[in-house]
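What follows is a single structure, written as structure tokens, with notes after it.
Quick note: the coordinates plus some simple rules give every number you see, no bench work behind them. Bear in mind the structure is a predicted one, so any value in this text is a computation, not a measurement. Quick reminder, even Gly has a Cβ in these numbers, built from the backbone with ideal geometry, and neighbours come from all protein chains shown.
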């Protein structure tokens, strides 16, 4: 019992730390990647001076995130004269909290056997093993969709309670856009659920550790390449990032649903957005990129296509799995930033048209083709 | 009678080919362009070169930074180190921004130039760097350096420069106005040609 508590506490601390680190680092990555993409250097003037010396640590502008945070905290805490102070106050938290909760069901590593890590732990744990995941729920994917659906309420609350017409318009746009893309996102994943026969994210990842056709890793993107593209598009749209950032289109709506928010309350919205990038990255990694699995790797080591096996110790396997998950997530985040700095913004009618007249039919076609294929594979009309 | 709305036809209607209308290929091409630029620049940074067009001013300077740029003012000196300025106030008079303040003093010991500046101050928060003071000076006592005065400050009173900061000209290195070893040249020395 105590062992379980300790292990899950470690998992929770790791997951929270990872998400918050991702949120902070991504602000820097976004700036730097945008700069390098457009032949610039990027933010690099903030520094930390070691006390009593003249040594200034610049570290490629990494400290700009800290400077941003300090600025947010020192700013005036403006409150609009609104009739619904409570909704106004809780709206950032309603956006921020579910974003963190989504990560509870995402497996960030394989099975951890603490007894095999060090002999001192072996007697205490007595052979218990733990899949590296905070909550092992059978309804994993449903929980993901439920919690990411909650953020819609937060944005609409913010738009409604700000007593500002720009905010209200932004909230309305956010609501209709996120509901539309939530639907598309769910439909694109359905094909994958049919193939893997489970909505438990841990089970989905475990099924992706094998090999198909002898050499291809059995990742979701191999089974559902079309679904993967649709899913990523819908996820970026649901995250309200450029080219789908209509709820906060600054040329039309100032800042959309968070026009009236200042200081750290506005910072929470921004932070939630950056963490959501990481969540989308983690989710895409889990569903389509094999999660923590490297190609040809299982819990015992590598099994190369030729039949060669490389055995690895348990500690090495755990570390490789954790790092593989982080690297894959970071790459997907980087791709999202690439999209954000390449494509221009849609018009609002185009966004909804894109969801209902383009993405939805394609998702349905993808689903139908998958269903027919599976039916044929399982014997068809015998 | 109600007329149905008709969209205005422009003479330069945008024309898209079917390929561009399909949207997705062009999106992919755009992503390809940006990622190639990203990878190229990143490769330059990683291999120790510079992957940006930015000049990291003021640490770096562009090659075409003008050598005759009008920047910070310099007061020239006589070989004995005193300012060449005779406090005639011509620069202060011609200055369109009225930023020069001179307080004249009397030095009976130096009979050639008894009038000299006790105080010579320029307010750089208002200076427009037009160079008229340099042209107005009859004594070649004020010039302009190509370096800009780096006076970043949150207080406008920190943006004044006085005699100590501006008397930085070193007579040994001046080409425009050589001083032959003539400290003993007597009272004629230093009079403008």
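Taking Rh as the Kirkwood radius computed over C-alpha pairs, what is the Stokes-Einstein D of the protein assembly as shown at 25 °C in a medium of viscosity 0.890 mPa s, expressed in µm² per second?
Calculated translational D: 82 µm²/s.
Would you report the distance distribution of C-alpha pairs in chain B as whole percents per 5 angstrom bin, up to the bin with the largest distance?
Going out from 0 Å in 5 Å bins, chain B shows 1, 6, 10, 12, 11, 9, 7, 5, 5, 5, 5, 5, 5, 4, 3, 2, 2, 1, 0, 0, 0 percent.
Considering every residue in A:37-49, what mean count of other chain Cβ atoms within 10 Å of its Cβ is obtained?
3
At 222 nm, what value in deg cm²/dmol follows for chain B if DSSP H runs of at least 4 each add -39500 (n - 2.57) and the sum is divided by all its residues, to the nearest 500?
Taken over chain B, the calculation gives -6000 deg cm²/dmol.
How far apart, in nm, are two points set 7 Å out from the Cα along the Cα-to-Cβ line at residue B:37 and at residue B:97?
Result for the modelled spin labels: 3.6 nm.
Can you tell me how region B:73-178 classifies by the Cα gyration tensor, rounded, prolate or oblate, using a/c under 1.5 as the rounded cut?
prolate
Other chains near B:34-41: what is the mean number of their Cβ atoms within 10 Å of each residue's Cβ? Don't skip to the end; give the middle numbers.
Working: counts 9, 5, 1, 4, 11, 2, 2, 7.
Shielding by partners across B:34-41 averages 5.
Using the Cα gyration tensor of region A:223-382, with a ≥ b ≥ c the square roots of its eigenvalues, what is the shape: rounded (a/c below 1.5), prolate (a/b larger than b/c) or oblate (neither)?
oblate
Name the shape class, rounded, prolate or oblate, that the alpha-carbon gyration tensor gives for region B:1-80, where a ≥ b ≥ c are the square roots of its eigenvalues, rounded holds for a/c under 1.5, and otherwise prolate holds if a/b is larger than b/c and oblate otherwise.
Details: a/c = 6.05, a/b = 1.90, b/c = 3.18.
Verdict is oblate for region B:1-80.
Rank-order A:341-350, A:50-59 by packing density, defined as the average count of other C-beta atoms within 10 Å over each peptide's residues, highest first. Don't skip to the end; give the middle numbers.
Numbers: A:341-350: 14.2, A:50-59: 9.0.
Top of the packing list down: A:341-350, A:50-59.
Rounded to whole Å, give me the distance from the Cα center of region B:145-170 to that of region A:176-216.
66
Per 5 Å bin, what percent of the C-alpha pairs of region A:155-280 does each bin hold, from zero upward?
2, 11, 16, 19, 15, 10, 9, 8, 6, 3, 1, 0, 0
In whole Å, how far is the Cα centre of region A:282-337 from that of region A:66-95?
A separation of 40 Å, based on Cα centres.
With runs of 4+ DSSP H residues as the only contributors, calculate the mean residue ellipticity of chain A at 222 nm using -39,500 (n - 2.57) per run, divided by the residue total and rounded to the nearest 500.
It comes out at -20500 deg cm²/dmol, rounded to the nearest 500.
Could you work out which residue, out of A:157, A:216, A:322, moves most in a Gaussian network model of chain A, that is, has the largest mean-square fluctuation with Cα springs under 10 Å?
A:216
What are the radius of gyration and Dmax of region A:85-377, computed over its Cα atoms and given in Å?
Using the Cα atoms of region A:85-377, the pair Rg, Dmax is 20.9, 66 Å.
GNM on chain B, C-alpha springs below 10 Å: top fluctuator among B:67, B:14, B:138?
Among B:67, B:14, B:138, the largest GNM mean-square fluctuation belongs to B:14.
Top mean-square fluctuation among B:59, B:164, B:135, Gaussian network model of chain B, C-alpha springs under 10 Å?
B:59
Give the average, rounded to an integer, of partner chain Cβ atoms located within 10 angstrom of each Cβ in A:342-355.
The mean count of partner-chain Cβ atoms within 10 Å per residue comes to 1.
Based on the alpha-carbon set only, what is the convex hull volume of region A:102-164 divided per residue, in Å³?
Value for region A:102-164: 111 Å³ per residue.
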